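Novice: This is the structure I have questions about; it appears just below.
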Amino acid sequence: MRRSRIGFLLTFLAGAIAAGFAGVLATNVGSVAATRYEELSLFSSVLAHVRRHYVEPVDDETLLRGAINGMLQQLDPHSSFLDRDAYKEMQVDTKGEFHGLGIEITKRRDGFIEVVSPIDGTPAARAGIRSHDQIVSICPTDPPEDWAEPCHTSKNLTLFEAVRLMRGRQGTEITIEVYRDGFEKPKRFTIVRDVVKVISVSGRMLEPRYAYIRIRAFQERTIQDLERTLQQLRDEAGGSLDGVVLDLRDNPGGLLDQAVKVADVWLDDGLVVYTKGRMESQHQEFRAHSDGTEPSYPVAILVNEGTASASEIVAGALQDQHRALVIGVKSFGKGSVQTVYPLESDSALRLTTALYYTPSGRSIQEVGISPDIPVQPRRESEGFVAAPHRIRETDLEGHFTQEEASPRAGDQASDPEVGKAGASDLQLARALEVLKSWTYFERLRRDREATVQARAVDLTR
């Protein structure tokens, strides 16, 4: 139904363009219809002037796509029209395999592209690209026709545009100019593209019986990867774990169902997250189940400004359910849900259809997840340069405010159940310290209870 309506709208507008809008937009169905007629009439007038008087000829498809993009940009930063390439790119991201360089990137506040981290074993990692490298310009194999120069500054590129330029056929070369602390000027790196398989979950032992698990993004097989990684670490630890550090830093999110399943691994009951939208179908609750739940060892979750969306759902659920302590800095703050509707010509509409809330009924929109134990990632006193301001949801133009996202009083779901780490990674080192302290205190509690029980037995003799 949704697809047919969108298709009808596109067909209607395209037909109106071809006909010059002469007598097409006519209606007499009350004041609302009259208002809509006036708005469509205004649109048709502007379109007619552009087609007739603009300095250069513009084809109708370009004008129509521009009108659609402009309409969606008025809504919020996460609603958008996905053309064939963008839709394909999104599908590739959720599958976790593509041809490219193998780097995670983010947009700095000054506009340039920054490398979050190179993925191990990929062309970028082999070429020497490092975390926090600044990509100053991109020189693709086949520059777009409208480029005057073979290289283009990354400052005015969106993340999607940058990703699309850096991906390409296996075996082809691309050159990027990188600035790094210590460089006198940007340095050129020529990299040969290859097949990049993104493993969404990786893990290792920090110390005997203390495991570290990193989730890079929530893709189609994330829960299977997590379960396999946990089993491998459990076997390595001799059968059981004393604690887990779950690293969600710079995890941009992904599939909602995978986030729910990941949280369910450490929860045996209660809410994980619930959503609310205009449509009744968008009012949903996602709950944990007892099947396959991990033992009740302590869990510490690492978050930062790049922890967004689905990863915030996991952190918020485990925090609200008192199952984990959150460590790091405040997260991104994206509390909205996007639904993708396939359209004609292999394109799609990504539309914000709901807001989500943590088990206690709080919205993290704009404000993010606040850590239980704040830990900054680096200290200047240890020789590190302070990290630049990272973009959060609140920096995006047109975002929903926290006030707009907060549920109305009495209008929320209820849950009676809720009321090797080195000095170079301070957050990870602190997380391991907390886990060990947590375990020590738990042992003290058990020993204290055993002592009290033993004394009670002695007194009865």
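The numbers here are math on the coordinates, done by the rules we state, and not lab data. All values reported here derive from a predicted model rather than from experimental measurement. Don't worry about glycine lacking a Cβ; one is built from the backbone with ideal geometry, like all the others, and counts go over all protein chains shown.
Novice: Kirkwood-based Rg over Rh for the range 36-162 (C-alpha set), two decimals?
Specialist: My calculation puts Rg/Rh at 1.06.
Novice: Per residue Cα convex hull volume for the range 209-344, in cubic angstrom?
Specialist: It comes to 119 Å³ per residue, whole-number rounded.
Novice: Determine, for each peptide in 425-434, 120-129, the mean count of other beta carbons within 10 angstrom over its residues, then list the peptides with the highest first.
Specialist: 425-434, 120-129
Novice: Compactness ratio of the range 268-383: Cα Rg over 2.2 N^0.38 Å, N = residue count?
Specialist: Working it through for the range 268-383, the quotient is 1.25.
Novice: Would you mind putting 302-313, 140-151 in packing order, based on average other-beta-carbon counts within 10 Å, highest first?
Specialist: Answer by packing, highest mean first, reads 302-313, 140-151.
Novice: Using the Cβ atoms and a cut-off under 12 Å, what net charge is assigned to the surroundings of Ser240, where Lys and Arg are +1 and Asp and Glu are -1?
Specialist: Spelling it out: positives minus negatives among the neighbours equals -2.
Novice: Now a separate question. So for each of 234-243, 445-454 I average, over its residues, the number of other beta carbons within 10 Å; can you give me the resulting order with the highest mean first?
Specialist: Top of the packing list down: 234-243, 445-454.
Novice: So who's got an amide H within less than 5 Å of the one on Ser336, skipping anything under 5 residues away but keeping other chains? H placed 1.01 Å off N, in plane.
Specialist: Under 5 Å from the amide H of Ser336: Tyr356.
Novice: Here is a follow-up. Counting residues in the range 97-197 as N, plug N into 2.2 N^0.38 Å and put the Cα Rg over that result.
Specialist: 0.98
Novice: For Val265, what is the net charge nearby, where nearby means another residue's Cβ is under 9 Å from its Cβ and Lys, Arg count +1, Asp, Glu -1?
Specialist: Charge balance near Val265 sits at -2.
Novice: Give the share of C-alpha pairs in each 10 angstrom bin for the range 131-289, from 0 to the last occupied bin, in whole percents, shortest bins first.
Specialist: 9, 25, 25, 22, 17, 3, 0
Novice: Using the Cβ atoms and a cut-off under 13 Å, what net charge is assigned to the surroundings of Gln231, where Lys and Arg are +1 and Asp and Glu are -1?
Specialist: Result for the neighbourhood of Gln231: -3.
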